[in-house]
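Report on one structure; see the data block that follows.
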C-alpha cells in the first residue's frame, strides 16, 4: 500500500528559522519536562531566556536532547555523566571535522 | 513478515538473565550508536538493538515472546497466532515510544497493535516522527525536491497491523547543511480523535562526494597543480558545486596553500567559503625529452630539498 501527496511538503530549517519551546522540544524528543530542566541546569542544553516558560531552544538542542534521552533511558547515565558524554562527543566531532578539512578519510 | 530472533540480535541464548541482556545491550548500543559509530550500517544495527531490547528488557513482553518464539526461526515467514499474547498485559503501554520499530515489532508490541476494545478514546496529539534524508551537496546549493519513503503502521479491519509505505515529496531548501533538521508541520503521526497530527523532523546528511569535502558551511576541494603552474602561476577552471569558476593561481604557490573563494561555499546568510587546496602533481619522466627536461631543471637550480636534515 502506498499513498502519495501531490504537493511537495515545505520544511522549515530548525537551526536557522525556528526556536523550540520547552513543550515543543519535549514533544520532538519524547523527553519529560523534568529531564529537560535538569539538562539545562547541568549545561547540556543552553536555551535563550531565563524562566522555563520563556526558554527557546535552537536546533542544536534537538540533536543533543535526543542523545541525552538515549543516554539517560538506556544507559542509565546520570545528568552530570550525560553532560560529560556530550562534551566528549562534541570534541570528537570537532576533531573529525578537522581531519576532514585536511582530506583524511 | 519475517520472524525476528531478538536473542540472535544480541548473540545470547534464550536462557540469558535480565542482567546479561542489559549488559550486552549497553555494550553493543554504545558501539553502534550513530553519533559514535560513523559506519554506514551502524544506524540500522542500532535500531535493531533498540527494538530487541524493548522486548527483552521487559519481563512481561519477553515471556510472551518466548512462549510464542520457541516455534519460529529468524527469517521465517510469520503471522502472529491469534491470541498469542493472551494473559499478558503490555499492549500499548507506550513504554517503547521513540524506537523505530520493524513491522514484526509493530504487529506484536506496537502501540497500534491495540485491539479495538483496548484503544483509549479521547483526543491526543500525534507523536513527532524523526527520519534521516541524504542529499547531494549540489542540492544544498540549488535547493531540491526529494521523495522520501516513510513507514507508517496501519491497522486493518481485523485488527492486524502492517507497515504501509508512505511516499512524501519534500522540498529541500537552498542553503541547508549536514546535521540540520527540517521540521514538516503536521507530517508526523496522525492525531487521535480530534487531536492534531505530530510533526516530522528530517535530519539532513550529505552523500559522500568524490571531489568536495564539507565542514559546516565551508567547502574544500583539492587542486592539483603541475610544478611549473605552482611556480609561475596560472589560471585554471575550478569546478564548484554551484558551477565552475576561473581561478588565478599566484606564482610561488606551495603545496597545501589554500585559496579562498569568498561566498562560494554553501549559500546562506552569511554564505560559506570555498577553499581550493593546492597539491603538487609530478609528471613522470618517461621519454628522452622528458628526462632531458628534468636534467635541465637540476642544472638550473641550486636546490637541496633535504637541506634542513642533519647528518
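What the table shows:
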quantity	calculated
Criterion violated by residue A:101 - all others in (1) closer than 30 Å to residue B:221 by Cα; (2) within 11 Å of chain B (Cβ to nearest Cβ); (3) loosely packed, with under 14 Cβ neighbours inside 10 Å satisfied	(3)
Residues satisfying the stated conditions in region B:18-32, i.e. closer than 24 Å to residue A:94 by Cα, touching a helix residue (DSSP H, G or I) at 6+ places or on another chain (Cβ under 6 Å) and facing chain A (nearest Cβ under 9 Å)	B:29
Where residue B:146 falls short, out of the listed (1) more than 8 Å from chain A (Cβ to nearest Cβ); (2) surrounded by fewer than 18 Cβ atoms within 10 Å (Cβ to Cβ); (3) assigned to a loop (DSSP other than H, G, I, E, B)	(3)
Flag for residue B:210 being modelled with pLDDT under 95, within 13 Å of chain A (Cβ to nearest Cβ) and loosely packed, with under 10 Cβ neighbours inside 10 Å	yes
Given (1) within 14 Å of chain B (Cβ to nearest Cβ); (2) part of a loop (DSSP other than H, G, I, E, B), number of the condition residue A:50 does not satisfy	(1)
Residue under evaluation residue B:100, criteria (1) at pLDDT below 75; (2) within 24 Å of residue A:18 (Cβ to Cβ); (3) within 9 Å of chain A (Cβ to nearest Cβ), criterion not met	(3)
Given (1) assigned to a helix (DSSP H, G or I); (2) surrounded by fewer than 19 Cβ atoms within 10 Å (Cβ to Cβ), number of the condition residue A:76 does not satisfy	(1)
Top-ranked residue of region B:169-197 - restricted to ones that are within 7 Å of another protein chain (Cβ to nearest Cβ) and over 18 Å from the mean Cα position of the chain (by Cα), ranked as surrounded by the fewest Cβ atoms within 10 Å (Cβ to Cβ)	B:169
Failed item, numbered, when residue B:260 is tested on (1) free of Cβ contacts under 8 Å to residues at least 40 places away in the same chain; (2) under 16 Å from residue B:231 (Cα atoms); (3) surrounded by 12 or more Cβ atoms within 10 Å (Cβ to Cβ)	(2)
From the options B:287, B:281, residue that is in contact (Cβ under 8 Å) with a residue 24 or more places away in the chain and over 26 Å from the mean Cα position of the chain (by Cα)	B:281
For residue B:203: the one exception among (1) within 30 Å of residue B:126 (Cβ to Cβ); (2) more than 10 Å from every other protein chain (Cβ to nearest Cβ)	(2)
Helices (runs of 4 or more DSSP H) (entirely within region B:1-84) containing at least 3 residues that are surrounded by fewer than 19 Cβ atoms within 10 Å (Cβ to Cβ)	B:18-32, B:42-56, B:59-69
Region B:149-168, subset at the interface with chain A (Cβ under 10 Å from one of its Cβ atoms) and crowded, with 19+ Cβ neighbours inside 10 Å, residue modelled with the lowest pLDDT	B:163
Top-ranked residue of region A:12-36 - restricted to ones that are under 14 Å from residue B:202 (Cα atoms) and under 12 Å from the mean Cα position of the chain (by Cα), ranked as farthest from the other protein chains (Cβ to nearest Cβ)	A:29
Residue check for residue A:38: more than 29 Å from residue B:147 (Cα to Cα), surrounded by 18 or more Cβ atoms within 10 Å (Cβ to Cβ) and modelled with pLDDT of 90 or more	yes
Complete set of residues in region B:213-255 that are in a strand (DSSP E or B) and within 27 Å of residue B:169 (Cα to Cα)	B:214
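The values are calculated or read from the model by the stated rules, or taken from the named source; none is laboratory data. The model shown is predicted, which means the values in this text are computed figures rather than measured ones. Because the Cβ atoms are built from the backbone with ideal geometry, glycine has one as well, and the counts that use them run over all protein chains shown.
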